[in-house]
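Each remark here refers to the structure printed beneath this line.
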Amino acid sequence: MDKIFKEILFSRDAIQKRVRELAGQISKDYAGRELVVIGILKGAFIFMADLVREISIPCTIDFARLTSYGTGSESSGKVVMTKDIETSIKGRDILIVEDIIDTGLTLQYFVDWLKERNPNSLRICVFLDKRKRRKVSFEVDYVGFTIDDGFVAGYGLDFNEQFRFSPDIYIINTN
Ligand code: IMP
């Protein structure tokens, strides 16, 4: 097995500060409305929990599970939904919460899926954006941090199911 080297990219303090800023912006943009916040499992579970606790407008919560990664760090490119949402979203304001956008294929698939159910509005909040790696042209509405290429883990994100629990975000290198 390869040896794993990791280096802190974003500390827990930097993460907390940025989550507060995002939540403040979202609360302002949706003032007077009610949001349905949908997290994409598994990676978004920690970001989502932190974000909704900082958002000051009423929201309901749901989750979908989408996957395109086997094990390791390369996407298979084929997106599969293994858990659907349980909320009726017709006519409602939806915010998708995702840990990271890379090629954009996962979010494109999910957005197309949700749009068929006629929400009133649909926006996307990702914590990390690997903008240069995009394979489909795709814009997100709220971004925590834009990062360069490289594999990251921690704060919900995994490398072979490791490091999700870490409060900091690391760059992973294997040798
Ligand atoms: P996309 O479909 O290529 O945009 O990939 C999105 C999904 O790939 C995310 O939900 C993550 O689960 C996973 N992913 C992409 N890059 C990373 C990374 O650097 N670390 C951990 N997971 C990643």
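Helix-only estimate, please: 222 nm mean residue ellipticity of the chain, summing -39500 (n - 2.57) across DSSP H runs of length 4 or more and dividing by its residues, to the nearest 500.
Roughly -7000 deg cm²/dmol at 222 nm, from the helical runs in the chain.
Using only Cα atoms, find the angle between the long axis of helix 45-54 and the longest principal axis of the chain, and express it within 0 to 90 degrees, rounded to the nearest 10.
On a 0 to 90 degree scale, this one is about 50.
Taking 0.36 nm per residue of separation and subtracting the Cα-Cα distance, what length does fully extending Glu86 through Lys135 add?
14.7 nm
How much length is gained if the chain between Phe165 and Phe145 is pulled fully straight, taking 0.36 nm per residue apart and subtracting their Cα-Cα distance, in nm to one decimal?
Contour length minus the Cα-Cα distance gives 5.3 nm.
For segment 95-175, what is the percent of antiparallel DSSP beta bridges, rounded to the nearest 5?
35
For Lys6, what accessible area in Å² do you get when you roll a 1.4 Å probe over the heavy atoms of the protein chains, rounding to the nearest 10?
Ignoring ligands and nucleic acids, Lys6 comes out at about 100 Å².
Note down the net charge around Arg117, summing +1 for each Lys or Arg and -1 for each Asp or Glu among other residues with Cβ under 10 Å from its Cβ.
Local charge sum for Arg117: +2.
Might you tell me the accessible area per residue for segment 1-149, computed with a 1.4 Å probe and given in Å²?
That works out to 54 Å² for each residue.
Pairs Lys6/Lys28; Lys42/Lys132; Lys28/Lys130; Lys42/Lys90; Lys28/Lys115; Lys78/Lys132: which are spaced more than 28 Å apart, C-alpha to C-alpha?
Pairs exceeding the cut-off: Lys6/Lys28.
Report the net charge of residues surrounding Ile57, where surrounding means a beta-carbon distance below 12 angstrom and charges are Lys +1, Arg +1, Asp -1, Glu -1.
Every neighbour counted, the sum reads -2.
What is the sum of charges around Gln16, taking Lys and Arg as +1, Asp and Glu as -1, for the other residues whose C-beta is under 13 Å from the C-beta of Gln16?
0
Taking every DSSP beta bridge with both residues inside segment 1-146, roughly what % is antiparallel (nearest 5)?
Antiparallel: roughly 15 percent of the beta bridges in segment 1-146.
Taking amide H atoms as placed 1.01 Å from N in the peptide plane, list the residues 5 or more away in sequence, or in a different chain, whose amide H sits under 5 Å from that of Phe151.
Amide H to amide H, under 5 Å and 5 or more residues apart or across chains, Phe151 pairs with Ile172.
Short version: what are the Cα gyration tensor semi-axes of the chain, square root of 5 times each eigenvalue, largest first, in whole Å?
26, 19, 13
At a 1.4 Å probe, what is the % contribution of carbon and sulfur to the accessible area of segment 19-175?
The value for segment 19-175 is 48 percent carbon and sulfur by accessible area.
The values are calculated or read from the model by the stated rules, or taken from the named source; none is laboratory data. None of these values were measured; they are calculated from a predicted model. Reconstructed Cβ throughout: ideal geometry from the backbone, glycine too, with neighbour counts over all protein chains shown. Heads up: the accessible areas ignore ligands, DNA and RNA and are worked out on the full protein's heavy atoms, side chains in. Shrake-Rupley method; radii C 1.70, N 1.55, O 1.52, S 1.80 Å.
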